[in-house]
Amino acid sequence: MAESAEHQPHEAPEFRLYNTLTRRVEPFAPADGDTVRLYSCGPTVYNPAHLGNFRTFLFNDLLRRAIRLRGWRVRQIMNLTDVDDKIIKRANEQEKSIREITEPITEIFFADRDYLRIEAAEDYPKATDYIPQMIALVRTLMYRNVAYQADDRSVYFAIDRFPQYGRLSRLDTREVKVGARVVQDDYTKENAQDFALWKAAKPEDERTGAAWDSPWGRGRPGWHLECSAMAMDLLGETLDLHTGGIDLIFPHHEDEIAQSEAATGKPFARCWCHGAFLLTEGAKMAKRLGNVSTVKELREHQISAAAIRHFVFTTHYRKELNFSEEALEASIEAVRRVGELAERLEEASGGTDTLGTSAKQAQAEFRAAIFDDLNAPEALAALFTFLKSANRELDRNGTDGKALDRARSAFAEMNGVLDVVPRRESASAELAKWVEDRLAARDAARGRRDFAEADRIRAELAEQGIAVEDAGGGTKWKVVRSARAS
């Protein structure tokens, strides 16, 4: 295996990311030079996350893998929002507690995460486990006179007392109606007024277990407050990196900055990265539009994690990605070819000098792309350029063991970030017997020169996910449905 990135920092290109705060691609490194403290906004667990949500989570996965390739450690926190307006509404409709609503959905999220091979974050804090930290943060904001309790007994953040408000979203605060209050969690970008930090309890909150004691009476935290409290408790007052979808820039992340920096007097995050939407037929994927594709649905259609990851990474994370059957089919075919190369590299006994040279060049081009604002499309291009070259050189049946080792190492490094090799499928005893029977019938057809029948049987096998190869030593076959089934 080649040396890890940790052992060759002088060779690694500069790591650059687009910082939403400055609207520029900038050099990035952890403040301590060793560990990236990363906070990623996670799901609100009242409905299973759709593929649009998982595009953002896959962007986070690519980011943490790229960070490690660069030679740094990563400590990633992804929150689970398990109390908010939507959850309480659902709990009331079903006459359940918020925990009864959120726990099954949380399990689905983790199952979907694992299916898509998304690496686990170091911690998944639940909002309901951090109520004391949230109350402490509100206390601090009230002490600093940037928060107040209104007549409705809720506590609000006064944005006119925080002059820097609007820096992330480039909001012109002169257009904000000072003193107007927004209490709901699910509000639009037109509502840029004082936001609720602590919401006075309503009967439905009490019924569903969504109310806690506080110095301001029974109530519950606001959505924005939750992330600030958890992030600072687990990662410190200044994060290296904060990520999420572009729909969170305003108001969620803007409000996080306001309440965090007003409390500490320090920058909340050194860099902000946001992923663009996944579109279906040109519209943002969202539950309310009825154009949702869930990971469960893709799994039921035997679409592999490798194909989904390839599809997502064909477009830069900051550009909108259109979901279509044609694009997904192209990714299924692409990862099939990647899987075949993985098998060839594993089974080969040697390579050529050109194979080693191609591997070194691909590795350099891959790193340059992935360290340049996570340019996954260019990284994939480097992988597939290598794929063509490697297949050509492996056909030469070379004997250079070192060249083969370099090729295996380069391929492993690239796939270690993209993770687009389909998992192999093994045939059941029943399937194996059926395949052998069909191959025997095919051999008989070829023996009597009935090539039309032989081709028909080959097509029949292909429909069942069986690839047939006529080699010098006989006919070989393997299961290739892994391009569709994870």
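In this structure, does residue 58 turn out to be touching a strand residue (DSSP E or B) at 6+ places or on another chain (Cβ under 9 Å), open to solvent by 20 Å² or more (accessible area, probe 1.4 Å), at pLDDT 95 or above and more than 30 Å from residue 401 (Cα to Cα)?
No: the conditions fail for residue 58.
Given the condition out of contact with any Ser or Thr (no Cβ under 6 Å at 6 or more places or on another chain), closer than 28 Å to residue 257 by Cα and of a type in the set (A, V, I, L, M, F, W, C), answer yes or no: does some residue in the stretch 122-135 qualify? Yes, that holds for at least one residue. For the criterion of being among the aliphatic types (A, V, I, L, M), in contact (Cβ under 8 Å) with a residue 24 or more places away in the chain, open to solvent by less than 10 Å² (accessible area, probe 1.4 Å) and in contact with a strand residue (DSSP E or B) (Cβ under 6 Å, 6 or more places away or on another chain), residue 91 fails. Every condition in (1) open to solvent by less than 10 Å² (accessible area, probe 1.4 Å); (2) touching a strand residue (DSSP E or B) at 6+ places or on another chain (Cβ under 9 Å); (3) without any contact (Cβ under 8 Å) to a residue 40 or more places away in the chain is met by residue 244 except one, and the failing one is (3).
Go through the stretch 281-303 and report how many residues are modelled with pLDDT of 85 or more and acidic (Asp, Glu). Give the derivation first.
Taking the stretch 281-303 first, the residues modelled with pLDDT of 85 or more are 294-300, 303.
Now narrow it down to the ones that are acidic (Asp, Glu): 297, 300.
Counting residues in the stretch 281-303 that are modelled with pLDDT of 85 or more and acidic (Asp, Glu) gives 2.
Would you call residue 362 touching a Ser or Thr at 6+ places or on another chain (Cβ under 9 Å) and hydrophobic (A, V, I, L, M, F, W, C)?
Working: touching a Ser or Thr at 6+ places or on another chain (Cβ under 9 Å): yes; hydrophobic (A, V, I, L, M, F, W, C): yes.
Considered against the rule, which asks whether it is touching a Ser or Thr at 6+ places or on another chain (Cβ under 9 Å) and hydrophobic (A, V, I, L, M, F, W, C), residue 362 comes out as yes.
You will find that of 391, 397, 415, the residue that is touching a residue at least 12 places away in the same chain (Cβ under 8 Å) and on the phi > 0 side of the Ramachandran plot is 397 and no other. Taken over the stretch 94-110, residues that are open to solvent by 50 Å² or more (accessible area, probe 1.4 Å) and in contact with a helix residue (DSSP H, G or I) (Cβ under 9 Å, 6 or more places away or on another chain) amount to 6.
Selection of the stretch 337-374 for residues being farther than 16 Å from residue 410 by Cβ, out of contact with any strand residue (DSSP E or B) (no Cβ under 8 Å at 6 or more places or on another chain) and surrounded by 20 or more Cβ atoms within 10 Å (Cβ to Cβ) yields only 339. Among the residues of this structure, residue 211 counts as one that is crowded, with 17+ Cβ neighbours inside 10 Å, in contact with a Lys or Arg (Cβ under 7 Å, 6 or more places away or on another chain) and more than 19 Å from residue 143 (Cα to Cα). Is it fair to say residue 329 is more than 25 Å from residue 65 (Cα to Cα), surrounded by fewer than 18 Cβ atoms within 10 Å (Cβ to Cβ), of a type in the set (D, E, K, R) and out of contact with any helix residue (DSSP H, G or I) (no Cβ under 6 Å at 6 or more places or on another chain)? When the stated conditions are applied, residue 329 passes them. Scan the stretch 375-388 residue by residue and report those that are of a type outside the set (S, T, N, Q), free of Cβ contacts under 8 Å to residues at least 40 places away in the same chain, open to solvent by 10 Å² or more (accessible area, probe 1.4 Å) and under 30 Å from residue 26 (Cα atoms). Correct list: 378, 381. Within the stretch 4-17, restricting attention to residues that are open to solvent by less than 50 Å² (accessible area, probe 1.4 Å) and at pLDDT 95 or above, the residue that is nearest to residue 410 (Cα to Cα) is 15.
Pairs meeting the criteria (first residue in the stretch 19-43 and without any contact (Cβ under 8 Å) to a residue 24 or more places away in the chain, second residue among the hydroxyl-bearing types (Ser, Thr, Tyr), beta carbons under 9 Å, at least 6 apart or on different chains) are 24/18. Please specify each residue of the stretch 438-454 satisfying the condition of being among the acidic types (Asp, Glu) and at pLDDT 85 or above. Residues satisfying the conditions are 450, 453. Report yes if some residue within the stretch 141-153 is surrounded by 15 or more Cβ atoms within 10 Å (Cβ to Cβ), part of a helix (DSSP H, G or I) and either within 34 Å of the chain's Cα centre (by Cα) or at pLDDT 95 or above (or both); otherwise report no. Looking through the stretch 141-153, at least one residue is surrounded by 15 or more Cβ atoms within 10 Å (Cβ to Cβ), part of a helix (DSSP H, G or I) and either within 34 Å of the chain's Cα centre (by Cα) or at pLDDT 95 or above (or both). Within the stretch 455-486, the residues that satisfy the criterion of being over 38 Å from the mean Cα position of the chain (by Cα) and at pLDDT 85 or above are 455, 456, 457, 458.
Of the residues screened, residue 436 is not one that is of a type outside the set (Ser, Thr, Tyr), open to solvent by 20 Å² or more (accessible area, probe 1.4 Å), within 24 Å of residue 304 (Cα to Cα) and assigned to a helix (DSSP H, G or I). Does the stretch 201-221 contain any residue that is part of a strand (DSSP E or B), farther than 13 Å from residue 134 by Cα, in contact with a strand residue (DSSP E or B) (Cβ under 7 Å, 6 or more places away or on another chain) and free of Cβ contacts under 8 Å to residues at least 60 places away in the same chain? No: zero hits.
Of everything in the stretch 412-433 that is open to solvent by 80 Å² or more (accessible area, probe 1.4 Å) and part of a loop (DSSP other than H, G, I, E, B), the residue that is modelled with the lowest pLDDT is 426.
The values are calculated or read from the model by the stated rules, or taken from the named source; none is laboratory data. None of the values given here were measured: they were computed from a predicted structure. Glycine also receives a Cβ, built like all others from the backbone with ideal geometry; neighbour counts cover every protein chain displayed. When the accessible area is computed, the model is the full protein with side chains, heavy atoms only, and any ligands, DNA or RNA have been set aside. Shrake-Rupley method; radii C 1.70, N 1.55, O 1.52, S 1.80 Å.
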